[in-house]
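The structure appears right after this line, and notes come after that.
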Amino acid sequence: MGALFLRDVRLGLRAGGGALVGILFFLAVIAVVPFGVGPDLKLLSRIGAAMLWIGALLATLLGLDRLFQADRDDGSLDLLIMASDRHMLPLTILVKCLAHWTVSVLPLVIASPLLGLFMNMEPVAIGATALTLLVGTPAITLIGAVGAAVAVSLPRGGLLVSVIILPLTIPVLIFGVSASYGAVEDPAPFLAPFLILAAITLFFAVLGPIAAAAALKSSAD
């Protein structure tokens, strides 16, 4: 599994453009917000956490269709399905999701504090938002694995992946933004939504690979 993780990380870095395109898209989303809402610094600070989460969510969706596509193109996906039994295939998919998150999504989390400065956010709010992104974005990748597995056999499945998984990511977005606001607003709690966000990630860490494995086996058949 460690070799598979390193292989997918190397392939993701070698393919190039994935993380850079995601960061540029993330930056573009945050950069156009002041043009839409005006130069009100207090308003930008108030909506900053929500915009960072929305930008990260949309940027994460960009590369999810590539989660299994490279393996499908070179035939290694069929070998993985045949070589893995029904218990090992979900674990294999989990490792591939972790590799994809490390290459494509972790740079977005690292870039989020800098983009938070663009939104005039307080340091505590920036730190809380970055922490919630670190905990919550793996859930988006794990949910996306199911959509990517369903659409892997389709010639242009990128849009379908987004359509399938976007409704499922709404709870992640809600609790991620709620926890970010809870760190700076006294009446709003931070710990409760943050723990729910972590629980959602753990839940999809179990359910996502199992559902994706079933979808891959169905498409292979």
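The values are calculated or read from the model by the stated rules, or taken from the named source; none is laboratory data. A quick note: this is a predicted structure, and the numbers were derived from the prediction, not measured. Positions of Cβ are backbone-derived with ideal geometry, glycine not excepted, and every protein chain shown enters the neighbour counts. Side chains included, ligands, DNA and RNA excluded: accessible areas come from the protein's heavy atoms. Shrake-Rupley method; radii C 1.70, N 1.55, O 1.52, S 1.80 Å.
Just so you know, in region 117-136 the residues that are open to solvent by 30 Å² or more (accessible area, probe 1.4 Å) and β-branched (Val, Ile, Thr) include one that is farthest from SER45 (Cα to Cα), and it is VAL135.
With PHE35, PHE25, PHE68 as the choices, which residue is over 23 Å from the mean Cα position of the chain (by Cα) and modelled with pLDDT under 90?
Numbers: PHE25 fails: over 23 Å from the mean Cα position of the chain (by Cα); PHE68 fails: over 23 Å from the mean Cα position of the chain (by Cα).
None of the other options fit; the residue is PHE35.
For region 165-217, how many residues are among the small types (Gly, Ala, Ser) and open to solvent by 80 Å² or more (accessible area, probe 1.4 Å)? Counting residues in region 165-217 that are among the small types (Gly, Ala, Ser) and open to solvent by 80 Å² or more (accessible area, probe 1.4 Å) gives 0.
Under the condition of being in contact with a helix residue (DSSP H, G or I) (Cβ under 7 Å, 6 or more places away or on another chain) and open to solvent by 20 Å² or more (accessible area, probe 1.4 Å), which residue from region 105-116 is farthest from ALA214 (Cα to Cα)? Only one residue tops the list, namely PRO113.
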